[in-house]
Each structure stands twice: as C-alpha cells, then as structure tokens.
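Peer 1: First, the structure itself, so that you have it in front of you.
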Amino acid sequence: MKLSKEVFTIKKIPKVIWSSEDSFNLKPKPLTFVFLVFGLFLFGLGESLLITSGAGVGPYTVLAQGISNLTSWSIGLSTFVISIFVLLLWIPLKQKPGMGTILNAFIIALTIEFSVYYLPYPQYYPFQVLQVVIGVLTIGIGSGFYLIANLGAGPRDGLMIGLQKISNLPIYSIRTSIEVSVVIIGSLCLLNNIEKLLGEVVGLGTAIFALGIGPSVALGITIVGRLSKK
C-alpha cells in the first residue's frame, strides 16, 4: 500500500549514492555509468518487446505515422523531426543534456536492432497483450535506473522532467498526459486513413502503453530510488 501511494505521488527524481551530482558530467563514477547503460539497455529491451508483440505501436510511433501520412516523409525522418522538436521544447523548460542524452539514442537503438531477432512474436492476442505489459514494466524499471543516474535524460523523458518542475504535479500524471496527447494528435493525423489507423497502428497495446507508462516509470523510479538512498 505504501509503495502504491508513493508511485502515484512521487514528484522528483531521487538522488542515491551512485547518482551523478550534475547531469553534465563527462567523468561519472564507474557505478553511475554502469547503471546508466543498464537502464538504457532495459529501456531498449522494453521497446523491443512492444515492437514484437504485434498489439499496437507506442504513442510516438503513432505520431510519426501520422506525420508521415500528412507529409509523405518516411517514418524515420518523422521520428527524427519529432525528437528535434521535443529537444527544442527543453529550452524554455531549462533542461540540460548530458552523456545520457546522447547514449539514449545509441544504446536503445542498438538494443532494439539486435534483440528483435531473439524475442517472441506471439500469435495469440492474450500473449501479445501480456508481452506489451511486460515491455511497459521493463521500460519503467530501465527509466528508473537511467534517470536516477542523473547523466542526462532522453528527449521525451527530459520533456517529462521539465514539465513536472514547472507544474509540480506527480511524475506519473505528467507522463500519462504527454503520451495520451501524443496518441490523440497522431490519430487525428491519420483520420483520412482509418484502415491504417485501426488496422496497423493503434491497438490495445497502444492504449496500455499510453495509460500505463506513467505509473510504470514512477514505479521504476520509486523502486530504484529505494535501493540506496543518500
């Protein structure tokens, strides 16, 4: 009960004995760097579980699909443009990048690149949904490790942290609001292609991710934060 309450009320990324004092730290403690890499690996593995589940893509992929639908850009280019736009939003939010911001892209991409060949591709819908749930929880735990390392967040997590600081709302509510908003915008961009919207892009897995990733990230931060408090 206490854990559940903390998950839905936590507002700050906690500092533990292996957290970096400054996000712009080019010479972190070895343990800090190890937990950063481990967290990003788990994050990428969770993303891979979502991809191979076949139950619907994540919110930002919905948005990328929507932008691609309106502009005829490739999914890759749309994703890149979204990432740049989100990074620009950091400026008014006064978010600082770090090595984690750069490693976020490389480690997650490499993990996805290699892990999708070894993960299951379930054929039965209940197993697809279960795999989505496991993927969301894995991303949450990974986020806990890499965010508490305090070496710089990825574009989306940086947006979450920045909005939390100016709103003082719980982390889970900020993340959930962002993901749901992204799904809505992406879906609106796909309204002229209903078959693709409902058949290939948005599924139950998309809804589970959008509504579950906020509490999952808050859970990951809470659990990892309890491992070794300052």
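The values are calculated or read from the model by the stated rules, or taken from the named source; none is laboratory data. For clarity, every value in this text was computed on a predicted model and none was experimentally measured. Using ideal geometry, Cβ is built from the backbone for each residue, glycine included, and neighbour counts are taken over all protein chains shown. The protein model used for the area step is the full one, side chains on, heavy atoms only, and it has no ligands, DNA or RNA in it. Shrake-Rupley method; radii C 1.70, N 1.55, O 1.52, S 1.80 Å.
Peer 1: For the range 108-131, how many residues meet the condition of being within 17 Å of the chain's Cα centre (by Cα) and crowded, with 18+ Cβ neighbours inside 10 Å?
Peer 2: Within the range 108-131, residues that are within 17 Å of the chain's Cα centre (by Cα) and crowded, with 18+ Cβ neighbours inside 10 Å number 4.
Peer 1: Now for a different question. Could you run through the range 60-91 and say how many residues are more than 21 Å from ILE184 (Cβ to Cβ) and touching a residue at least 60 places away in the same chain (Cβ under 8 Å)?
Peer 2: 2
Peer 1: For the list (1) at pLDDT 95 or above; (2) of a type in the set (Gly, Ala, Ser); (3) more than 22 Å from LEU63 (Cβ to Cβ), I need the number of the one condition that SER228 fails.
Peer 2: (1)
Peer 1: Right, next: Take the residues in the range 62-107 that are over 18 Å from LEU163 (Cβ atoms) and hydroxyl-bearing (Ser, Thr, Tyr); name whichever of them is surrounded by the most Cβ atoms within 10 Å (Cβ to Cβ).
Peer 2: SER78
Peer 1: Assess whether PRO59 counts as being surrounded by 22 or more Cβ atoms within 10 Å (Cβ to Cβ) and over 19 Å from the mean Cα position of the chain (by Cα). Walk me through how you get there before you give the answer.
Peer 2: Numbers: surrounded by 22 or more Cβ atoms within 10 Å (Cβ to Cβ): yes; over 19 Å from the mean Cα position of the chain (by Cα): no.
For PRO59, the condition - surrounded by 22 or more Cβ atoms within 10 Å (Cβ to Cβ) and over 19 Å from the mean Cα position of the chain (by Cα) - is not met.
Peer 1: Give me the pairs: first residue in the range 9-35 and basic (Lys, Arg), second residue not in a loop (DSSP other than H, G, I, E, B), beta-carbon distance under 7 Å, and six or more apart or on different chains, which are they?
Peer 2: LYS11/GLN164; LYS11/ILE171
Peer 1: Next question, about the same structure. Can you confirm whether the range 121-129 contains a residue that is in a helix (DSSP H, G or I), touching a residue at least 12 places away in the same chain (Cβ under 8 Å) and aliphatic (A, V, I, L, M)?
Peer 2: So in the range 121-129, the residues in a helix (DSSP H, G or I) come out as 125-129.
If we keep only those that are touching a residue at least 12 places away in the same chain (Cβ under 8 Å) as well, we get 125, 128-129.
Filter once more, so that each one left must be aliphatic (A, V, I, L, M): 129.
Looking through the range 121-129, at least one residue is in a helix (DSSP H, G or I), touching a residue at least 12 places away in the same chain (Cβ under 8 Å) and aliphatic (A, V, I, L, M).
Peer 1: Ok, one more. Would you say LEU211 is at pLDDT 90 or above, farther than 21 Å from GLY39 by Cα and open to solvent by 70 Å² or more (accessible area, probe 1.4 Å)?
Peer 2: Working: at pLDDT 90 or above: yes; farther than 21 Å from GLY39 by Cα: yes; open to solvent by 70 Å² or more (accessible area, probe 1.4 Å): yes.
For LEU211, the condition - at pLDDT 90 or above, farther than 21 Å from GLY39 by Cα and open to solvent by 70 Å² or more (accessible area, probe 1.4 Å) - is met.
Peer 1: Quick check on my filter: what residues within the range 138-170 are assigned to a loop (DSSP other than H, G, I, E, B), surrounded by fewer than 19 Cβ atoms within 10 Å (Cβ to Cβ) and of a type in the set (A, V, I, L, M, F, W, C)?
Peer 2: Matches in the range 138-170: LEU169 only.
Peer 1: I would also like to ask the following. Please go through the range 10-33 and give me each residue that is in contact with a Pro (Cβ under 9 Å, 6 or more places away or on another chain) and open to solvent by 90 Å² or more (accessible area, probe 1.4 Å), ordered by number.
Peer 2: PHE24
Peer 1: Give the residue, chosen from SER216, SER173, SER177, SER181, that is modelled with pLDDT of 95 or more, open to solvent by 60 Å² or more (accessible area, probe 1.4 Å) and assigned to a helix (DSSP H, G or I).
Peer 2: Working: SER216 fails: open to solvent by 60 Å² or more (accessible area, probe 1.4 Å); SER173 fails: open to solvent by 60 Å² or more (accessible area, probe 1.4 Å); SER181 fails: open to solvent by 60 Å² or more (accessible area, probe 1.4 Å).
Of the residues listed, the single one that is modelled with pLDDT of 95 or more, open to solvent by 60 Å² or more (accessible area, probe 1.4 Å) and assigned to a helix (DSSP H, G or I) is SER177.
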